[in-house]
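The values are calculated or read from the model by the stated rules, or taken from the named source; none is laboratory data. All of these numbers come straight from a predicted model, not from anything done at the bench. Cβ atoms come from the backbone with ideal geometry, glycine included; neighbour counts cover every protein chain shown.
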Amino acid sequence: MKLVTFNRNGRESLGMKVDGGILDVTASGFSGGIMEVIAGGTSRLEELRRIAADAAGSNASANLLDEAAMDWGPCVTQPQKIICIGLNYRKHAEETNAPIPAFPILFSKFNNTLTGHRKPIAIPKVTQKLDYEAELAVVIGKAAKYVPKERALEHVFGYACVNDLSARDLQMRTQQWLLGKSCDGFSPLGPYLVTADEVGNPNDLAIRSIVNGEVRQSSNTSDMIFPVDEIVSYVSQHMTLLPGDVILTGTPEGVVLGYSPERQIYLKPGDEVVIEIEKLGRLVNTFVAEDEVVL
């Protein structure tokens, strides 16, 4: 099942990808949003399947939307935690001349970084070195604490594409990466949250980033140093993972930072970045200059 969030008639709505478009399940009578679906697990998914079957049987076209005309939101809206894994692809560590980590490198992002498919992203005035990072996002479905690796994937609700945007000049200003990772809009997430049963093995998915039509990253999640089951298990040894928590699992080689200095051309207004992951779809965002707004 592919789930989405979007804005319609001034409210946040939940949708499901079906033949012919996106079914507005909120308008079709479903009570609750994406966070309730994630927390509710199998029973809420069965309810969504019944709504989809009823809509197909009644040919209710009023609630079937064209993806091209939608106002997309992030496919997960209110995670308690956004946990990121740094340097988790072997070739990416090598291209940045970093040692292969012995343990997963954890850092965090915040909800202000979340935005949706097709949303423009403002390049902060405080950076001159904004970089893209294609990543697989893991969304937790069941609370997890001290979970063994062998059981870890049972706690995953689904997966999505994410662009872990990184202001390299801010990231490298100190030994702490958070500043360069947590500007507004720095985690576009989606377009779909794809349930785990549709994805199968998350450790063998093709992953790419495309900038203005040029493929920059082309790899496979099999190059991860720490695969998804190991990541979920490891994080759960140190903190309780809750339904809706999002884990960003690292990026492959091909980021601007990995290029030789004379070839480093960072993102600028007008650029388009596409993140593609096998079975998860295409996440597309364009970049604009930031307007100076004082709040």
Checklist outcome for this item: The one condition F6 fails out of (1) assigned to a loop (DSSP other than H, G, I, E, B); (2) of a type in the set (F, W, Y); (3) within 27 Å of L136 (Cβ to Cβ) is (1)
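What is the residue count in segment 155-168 for residues that are not basic (K, R) and not in a strand (DSSP E or B)?
So the first thing to find is which residues in segment 155-168 are not basic (K, R), and the list is 155-167.
Those left that are additionally not in a strand (DSSP E or B): 155, 164-165.
Final tally of qualifying residues: 3.
Restricting to segment 266-280, count the residues that are assigned to a strand (DSSP E or B) and among the charged types (D, E, K, R). Let's see the steps before the verdict.
Pass one, segment 266-280, residues assigned to a strand (DSSP E or B): 272-277.
Going one step further and asking which of them are among the charged types (D, E, K, R), we end up with 272, 276.
The total comes to 2.
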Checklist entry - Just checking, how many residues over segment 248-271 are within 17 Å of the chain's Cα centre (by Cα) and of a type in the set (D, E)? => result 0
Item to check | Single condition D291 does not satisfy, out of (1) touching a strand residue (DSSP E or B) at 6+ places or on another chain (Cβ under 9 Å); (2) modelled with pLDDT under 95; (3) under 24 Å from G86 (Cβ atoms) | outcome: (3)
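Could you check how many residues of segment 196-222 are crowded, with 17+ Cβ neighbours inside 10 Å and of a type in the set (D, E)? Steps first, answer last, please.
Taking segment 196-222 as the starting set, the residues that turn out to be crowded, with 17+ Cβ neighbours inside 10 Å are 196, 199, 202-203, 205, 207-211, 216-217, 219, 221.
Restricting the remaining residues to those that are of a type in the set (D, E) gives none.
Summing the residues that are crowded, with 17+ Cβ neighbours inside 10 Å and of a type in the set (D, E) in segment 196-222 gives 0.
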Item to check | Per-region count, segment 111-143, residues more than 20 Å from T249 (Cβ to Cβ), in contact with a Gly (Cβ under 6 Å, 6 or more places away or on another chain) and polar (S, T, N, Q) | outcome: 0
Checklist outcome for this item: Among residues of segment 242-274 being touching a Gly at 6+ places or on another chain (Cβ under 9 Å) and under 18 Å from A122 (Cα atoms), the residue surrounded by the most Cβ atoms within 10 Å (Cβ to Cβ) is V274
Checklist entry - From M35, M16, which residue is touching a Leu at 6+ places or on another chain (Cβ under 8 Å), within 19 Å of G190 (Cβ to Cβ) and not assigned by TED's automatic domain parsing to the domain that holds F157? => result M16
Checklist entry - Looking only at segment 206-230, which residues are closer than 18 Å to L280 by Cα and either free of Cβ contacts under 8 Å to residues at least 40 places away in the same chain or not assigned by TED's automatic domain parsing to the domain that holds E278 (or both)? => result V215, S218, N220, S222, P227
Checklist entry - Scanning for something buried (at least 24 other Cβ atoms within 10 Å of the Cβ), touching a residue at least 60 places away in the same chain (Cβ under 8 Å), in contact with a Leu (Cβ under 9 Å, 6 or more places away or on another chain) and of a type in the set (A, V, I, L, M), does segment 141-153 turn up at least one residue? => result no
Checklist outcome for this item: For segment 169-181 the number of residues that are touching a residue at least 60 places away in the same chain (Cβ under 8 Å) and either within 14 Å of the chain's Cα centre (by Cα) or in a helix (DSSP H, G or I) (or both) is 2
Next on the checklist: Being without any contact (Cβ under 8 Å) to a residue 60 or more places away in the chain and either assigned to a strand (DSSP E or B) or crowded, with 16+ Cβ neighbours inside 10 Å (or both) is true for just one of M16, M35. Which residue is that?
Outcome noted: M16
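Conditions tested, residue by residue: (1) touching a residue at least 12 places away in the same chain (Cβ under 8 Å); (2) in a helix (DSSP H, G or I).
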| residue | (1), (2) |
| --- | --- |
| G57 | no, yes |
| A68 | no, yes |
| Q80 | yes, no |
| I85 | yes, no |
| H92 | yes, yes |
| K119 | yes, no |
| Q128 | yes, no |
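Looking at segment 183-223 only, could you name the residues that are part of a strand (DSSP E or B) and either farther than 26 Å from D271 by Cβ or among the β-branched types (V, I, T) (or both)?
Of the residues in segment 183-223, the ones part of a strand (DSSP E or B) are 187-195, 206-211, 214-220.
Listed by number, the residues that qualify are V194, T195, I207, I210, V211, V215.
For segment 224-265, enumerate the residues that are in a helix (DSSP H, G or I), touching an Asp or Glu at 6+ places or on another chain (Cβ under 8 Å) and among the charged types (D, E, K, R). Before the answer, list the steps.
Residues of segment 224-265 in a helix (DSSP H, G or I): 228-236, 256-258, 261-263.
Those still in the list that are touching an Asp or Glu at 6+ places or on another chain (Cβ under 8 Å) too: 229, 256-258.
Within segment 224-265, just D229 meets the criteria.
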